[in-house]
Amino acid sequence: MIPSQYLEAALLYALAYPPEWYEKPANRDELYAYLVDYYSIVFDRDLFDDFIRNRPNSDAFSFVQDPFAGDFVDVNSMVAEMQFKVHAVGDRLSVFGLVDRAGQKFVTAYLANPEFWRAYQSGGTEDGLYLDSSSSAPASDRIVNFNDNQISDLDSQTTQIIEAVSAQNQIDDEPGLREVILGQLKAGRELIRAGSFRIFVLEATLIQSLTFLVKRYEKEAIGALAAALLGALLKHIGIDG
């Protein structure tokens, strides 16, 4: 696991399960103050700001910079909960799975550990937000280009999976989870159709959702389709599967 995954888990968990006194934060100052109160720990503000600036925007959390109004954040707690569940259910041994089981005290423990922040500072944003630390992935901001044949093949496979997921009433009896997965799949398909993208964007959309589907539907047709597409994608972008 890499340090930025821990911060992503802390952020999504706090946004997904807010307390009764929660007020939607409007900027980085309010977001930091909320997380300090939520986890009952004062942690490194500068490194946290670095994380917020470098993470890719999502429907759950976006960082907006404006030359006149300043820096703002856009938060959607409902989507944050769905995204957190996708991570946690997809891999129970991941930091998301651990936070899901152990709760706030687990997050407080690592946020309070100086070694965690030293690890983040030494490379917390260089390995990408979601790539497994054991993979041989290149830098997450590398641009990947697909040729016309690759686009056609991958587009067709992605569409098959989207249709298969659309046919499901729900996933794991979680209202809204199917829609989150479909949103990620469709966003990933648009990247493929564009033919050029940065790895971390594909990782945060299509690869994340495919990994979840492979594990959730391991012995079903959807799982086989997802595994085939995931393997093809990893091969094309230069990551060993």
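Coordinate-derived values only; no laboratory data. These figures come from a predicted structure and were not determined experimentally. With ideal geometry, Cβ positions are generated from the backbone for all residues, glycine too; neighbour counts draw on all protein chains shown.
For 24, 85, what ranking results if the residue with the fewest other Cβ atoms within 10 Å of its Cβ goes first?
Numbers: 24 14, 85 21.
Ascending Cβ contact count within 10 Å gives the list 24, 85.
Using the Kirkwood radius built from alpha carbon pairs, what does the Stokes-Einstein equation give as D for the stretch 143-236 at 25 °C and 0.890 mPa s, in µm² per second? Don't jump to the answer; show the numbers that get you there.
On the way: Rh = 13.1 Å.
Reported coefficient: 187 µm²/s.
Provide the gained length on full extension for the span residue 121 to residue 30, in nm with one decimal, where the gain is 0.36 nm per separating residue minus the Cα-Cα distance. Show your work: numbers first, answer last.
Working: separation 91, 0.36 × 91 = 32.76 nm, distance 2.29 nm.
Fully extending the segment from residue 121 to residue 30 adds 30.5 nm.
If I take R0 = 35 Å and measure r between the Cβ atoms of residue 179 and residue 41 in this structure, what FRET efficiency does the formula 1/(1 + (r/R0)^6) give, to the nearest 0.05?
Numbers: r = 34 Å, r/R0 = 0.96.
Calculated value: 0.55.
Extending each Cα 7 Å along its Cβ direction at residue 196 and residue 17, get the distance between those two points in nm, one decimal.
Taking the simple label geometry, residue 196 and residue 17 are separated by 4.4 nm.
Using only alpha-carbon positions, what ratio does the radius of gyration of the chain give when scaled by 2.2 N^0.38 Å? Before the final figure, lay out each step's value.
On the way: Rg = 18.0 Å, N = 241, 2.2 N^0.38 = 17.7 Å.
Ratio of Cα Rg to 2.2 N^0.38 Å: 1.02.
Got a sec? How would 115, 179 order by Cβ neighbour count within 10 Å, fewest to most? Let's see the in-between values first.
Values: 115 9, 179 15.
Final ranking by Cβ density, sparse to dense: 115, 179.
Given the rule -39500 (n - 2.57) for each run of at least 4 DSSP H residues, summed and divided by the residues of the chain, what is its mean residue ellipticity at 222 nm, to the nearest 500 deg cm²/dmol? Present the calculation step by step, with values, prior to reporting the outcome.
Numbers: 12 runs with 142 residues, N = 241.
After summing the helix terms and dividing by the residues of the chain, the value is -18000 deg cm²/dmol.
Rg (Å, one decimal) plus Dmax (Å, integer) for the alpha carbons of the stretch 3-123?
13.7, 43
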